[in-house]
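Okay, so here's the structure we're looking at.
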Amino acid sequence: MRCLNLAFYFVAFALFLTSCDEGGDRPDSGRGDFPRKPIKVVVPFGPGGDSDTFARIMQKTIRDHELLPEPLVILNVPGAGGTIGSRRVRDAAPDGYTILNLHEGIFTSKYAGRVSYGPEAFRPIAATAMSNLVICVREESPFKNLRDLLEAAAGKPDSILFGMAHGTPTHFAGRRLEKAGGDVQFRMVASGGGAKRRNDLVGKHIDVTPFSLAEYIGFEEGGLRAVAYLAEERHPELTDVPTARELGYEVVMPHVHYWWAPKSIPDVAVERIADVLEAAMETKYLRDKLAEAKTKPLFLRGAALEAHLTDREGEFQDVALVNYTGLPDPVLPILAIVAVLGGAISFRWFIGRDVVVKTPAVWRHGAFSCSVLAVYVLSMQVVGVSYVFATMAFIPALAVVGGARSKRSVATVTVLGIALACACFFIFTKVLVIDLP
Amino acid sequence: MIFEVLSDPSLVALVLLGTALGITVGAIPGLTGAMLISLSLPLTFSMDPQSALAFLVAMYVGSVSGGLITATLLRMPGTPASIITTLDGYPMAQSGQAGRALGLGIGASFVGGILSWIALALVAKPIAELSTALGPWEFLALVLMSLVLVVGVSGKSLSRGALSCSLGILCALPGTAPGSGESRLTFGFSSMDDGFKLLPVLIGLFALSRVFVVPPKSASKQGKVEGRIVLKLREWRTHWLNLFRSSAIGTGVGILPGIGANIGSLIAYSTARATSKAPEKFGTGSEEGVVASESANNATVGGALVPLIALGIPGSVIDAILLGAFVIHGLQPGPMLFANEPKIVGTIISSYLWANVAMVLLMLMSARWISKLARIKHHTLIPIVAAFCVLGSFSLANRFFDVWVMIGFGLAGCLLERWRIPLAPFVIGFVLTPLGEESMVAALMSSGGGWLPLFTRPMSLCFLVLAGLLLFWSLRQRRAISPDSE
């Protein structure tokens, strides 16, 4: 009986937990009272990255200055260069409670052919904070400035190794420099992310590569030298680095954090979120944070934002990425190896030359536990049962499949399941901010 | 490198907690360190990277050590790393020397851990600094070497190892092709644009697969600890040489990419037998056997951390999970890690040291009752493990796709094990393929399409030759001893 009592309290507690969460989920009754529940900001990259850090600083600013009655909730949906997260927001309900924080990745993934949609699939809310790419060479490199570099490339095409990450702004920067230098030709090398490119640059495996401003500041001491800043004007703190424009090459590559919403979001919500972001950009805290990162406190909305986005789309539209064609496709060879080895092993087994180890039949147990698991996941994914209840049922069910027979052990597992479901729900939604069903 | 952990009480607490959890899970037959660490990784998402890595490294140390108690007392190795310990530990326990066997095992684990910590602290930074000399060609050669090596040493049959490895490579191919940015093998599903993520794959293979197999019988008997566990320094007199040799072997095996604790303890054990004055006692309760196996398996942990933090190449299957932790916290292992995040590197190395200290204290205090853990009913543990599998893989990117991937790989892990196809080459193939392919793409782009530099650049040639030699050596060893597969 004590067990049952305990179970009752847990269920009551679980109901309380889930009801707390849905308390704010009423339909909007009128204008002006947006938001009525937390706004989910999808960051389509992992925690700790540049986008995530910026979104979290923004979240903290808004919370500490009480700019919104409801909190922003950061949801990391990383993968495939940001397209997994952007697709999720594009397809989300356009109610203003799911928005996207994504930089120029929104252009690059379209123009690199990764996805078929670009900024036109979203409603832009605001642009916040700007820094630009820095073109770097090795410290002891013979190229004194960007002109040297582009003239050398013009004199001997396909000889200077330009490090980049495929389909990212670094790749587009390379193509735009080639174009600006009068259709010169670098040899493009897909070296990868910032730390990898820095390594390859210092180790003489590439000759030149762009870094984001944040990366450049991090690597400054490490044996590399900036030859150009791809901005409209020189950076106030890096006054000895000329812009490409000063040298006569019209290449500007900013890095801006944009905020996007699903296309048909109500105007009220757009205005409200833009107001809040604008107010946050004015706070001393955010200004100081941006100054630390040497980032410009740009803020754009409305018509200015539209014009800016059209400009930027041009940056990416004008250059076509040329894919390097001489690469082997690993899929078929690997499939062939798998088929040959698998065939050989099954053949040996078939003709009975392989030693067969006798194990008890496991299929029944495996099939049962797998079905219980599948029902559990489907009930949350498709039916929409809340995590707490699904887990409460799942744990005893699997224990019974696993061989719990006596009343006592089933009761123990039931109580355990209820406790675990509540504890996990609390920790994951409140502490770790995971979007559990 | 030494005191970073001690400067922060919360880190001390995490190291203690991690070690204790590791020992507990390591001691329970059927649960492994890889399972514990892959399931704990999602919990560390919100921690700062230092705490996360200190916690995970402490679990790693604990889980490699905990298995020795149940291996000795009940002949049920809690983790694969302790399989060799059962050979001599259990006979010793049977003849009334259980306390002594545990004392030797725990002490040897500690010495192995400390010696490999010294190697880690001394070697990691120079290797990382050297690594700017490693360009795409060298990384390609290094990946090839790792794959050859892990195929060569895992499992009883070369063809099964190779099949496992190529399956791992195949599973890493869906997603975005690094050279062209085009999607491949996604079959039109946009969720597949990023392929299979490391974490759901590992959780599936190592944790969920346990849910689908028929659970091993829980121990009915209870091993009793007879005799003193804490040994006097004098009693170690005859073991010093063996300790140093086995730790050195363990560290070396650990540094080699892809192969972990069970192989290390196997090689140290057979070396100890070959050089022993009383080789006939091995397998019937030889103290030397326990010492060799336990010092070597702990030493592999420190060794395996070297290529992980210096080059980003996992030294063992658990390091593949730690690599996932680096990636999730936005850290790129390699020389820049030492330059930009000296605090994180220092914390990792120092937490390894203090986890070993914590391990020794916790094990000596709790050895008497830890063997009772083997009596916990599996039908209470398994549902909890399964619930964490689902939660962990969902929380990676807040999507159910990863949960289904995890379930799929759980089934695959089950089937692979049933067909006696080793899992280690699969995991290492899966983890190293992106690095290998990106390096290949960058290398071919920089050479304009020619493969020649792979053989003409001294360092990449060196790695290839080394790969050949190691393969040859492991094939010869395969004849001499038959390794237990994992």
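The values are calculated or read from the model by the stated rules, or taken from the named source; none is laboratory data. Everything numeric here is computed off the predicted structure, so don't read it as measured data. Note that we place each Cβ from the backbone using ideal geometry, even for glycine, and neighbour counts take in every protein chain shown.
One table, with the values for the structure above:
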read-out	value
Among (1) aliphatic (A, V, I, L, M); (2) at the interface with another protein chain (Cβ under 7 Å from one of its Cβ atoms); (3) over 30 Å from B:SER157 (Cβ atoms) - the single one B:ILE349 does not satisfy	(2)
Qualifying residue in the range B:96-119 (condition: outside any helix (DSSP H, G or I), in contact with a helix residue (DSSP H, G or I) (Cβ under 9 Å, 6 or more places away or on another chain) and farther than 25 Å from B:PRO279 by Cα)	no
Segments classed as strands (runs of 3 or more DSSP E), wholly inside the range A:136-242, with at least 3 members that are among the hydrophobic types (A, V, I, L, M, F, W, C) and touching a Gly at 6+ places or on another chain (Cβ under 7 Å)	A:187-190
Test set (1) assigned to a helix (DSSP H, G or I); (2) modelled with pLDDT under 90; (3) touching a Leu at 6+ places or on another chain (Cβ under 7 Å) - B:LEU444 fails condition number	(2)
Filter result for A:ILE427 (at pLDDT 90 or above and assigned to a helix (DSSP H, G or I))	no
Selection count where residues are touching a Gly at 6+ places or on another chain (Cβ under 9 Å) and assigned to a helix (DSSP H, G or I), scope the range B:2-40	16
Of all residues in the range B:426-443 being of a type in the set (Gly, Ala, Ser) and over 24 Å from B:ILE318 (Cβ atoms), the one that is nearest to the other protein chains (Cβ to nearest Cβ)	B:ALA442
Conditions (1) within 14 Å of chain A (Cβ to nearest Cβ); (2) touching a residue at least 40 places away in the same chain (Cβ under 8 Å); (3) assigned to a helix (DSSP H, G or I); number of the one not met by B:MET336	(2)
Selection within the range A:81-134 - away from every other protein chain (no Cβ under 14 Å), part of a helix (DSSP H, G or I) and under 12 Å from the mean Cα position of the chain (by Cα)	A:ILE106
Residue among A:GLU278, A:GLU232 that is of a type in the set (Asp, Glu), away from chain B (no Cβ under 14 Å) and either under 27 Å from the mean Cα position of the chain (by Cα) or closer than 24 Å to B:ALA339 by Cα (or both)	A:GLU278
Number of the condition not met by B:ARG420 [criteria: (1) more than 9 Å from chain A (Cβ to nearest Cβ); (2) in contact with a Gly (Cβ under 9 Å, 6 or more places away or on another chain); (3) farther than 30 Å from A:PRO437 by Cβ]	(1)
Matching option when the condition is among the acidic types (Asp, Glu) and in the same structural domain as A:GLY49 (by TED's automatic domain parsing), among A:ASP183, A:ASP267, A:ASP200, A:ASP207	A:ASP267
So B:SER393, is it of a type in the set (Ser, Thr, Tyr), touching a helix residue (DSSP H, G or I) at 6+ places or on another chain (Cβ under 8 Å) and either more than 26 Å from A:GLY163 (Cα to Cα) or not in a helix (DSSP H, G or I) (or both)	yes
Among the residues listed as B:SER366, B:SER393, B:SER371, the single one being surrounded by fewer than 20 Cβ atoms within 10 Å (Cβ to Cβ) and hydroxyl-bearing (Ser, Thr, Tyr)	B:SER366
Test: residue in the range B:356-376 that is within 20 Å of B:LEU39 (Cα to Cα) and not in a helix (DSSP H, G or I)	yes
Unmet requirement for A:VAL322, which otherwise passes all of (1) within 14 Å of another protein chain (Cβ to nearest Cβ); (2) surrounded by 13 or more Cβ atoms within 10 Å (Cβ to Cβ)	(2)
Criterion violated by B:PHE400 - all others in (1) buried (at least 24 other Cβ atoms within 10 Å of the Cβ); (2) facing another protein chain (nearest Cβ under 10 Å) satisfied	(1)
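For every residue, the table says whether it meets (1) β-branched (Val, Ile, Thr); (2) at the interface with another protein chain (Cβ under 7 Å from one of its Cβ atoms); (3) surrounded by 21 or more Cβ atoms within 10 Å (Cβ to Cβ).
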| site | (1), (2), (3) |
| --- | --- |
| B:LEU185 | no, yes, no |
| B:PHE189 | no, no, no |
| B:GLY195 | no, no, yes |
| B:LEU202 | no, no, yes |
| B:SER209 | no, no, yes |
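Table: residues versus (1) modelled with pLDDT under 85; (2) out of contact with any strand residue (DSSP E or B) (no Cβ under 6 Å at 6 or more places or on another chain); (3) of a type in the set (Ser, Thr, Tyr).
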position: B:VAL390; (1), (2), (3): no, yes, no
position: B:SER395; (1), (2), (3): yes, yes, yes
position: B:VAL403; (1), (2), (3): no, yes, no
position: B:GLY413; (1), (2), (3): no, yes, no
position: B:PRO425; (1), (2), (3): no, yes, no
position: B:SER439; (1), (2), (3): no, yes, yes
position: B:THR456; (1), (2), (3): no, yes, yes
position: B:ALA467; (1), (2), (3): no, yes, no
position: B:LEU471; (1), (2), (3): yes, yes, no
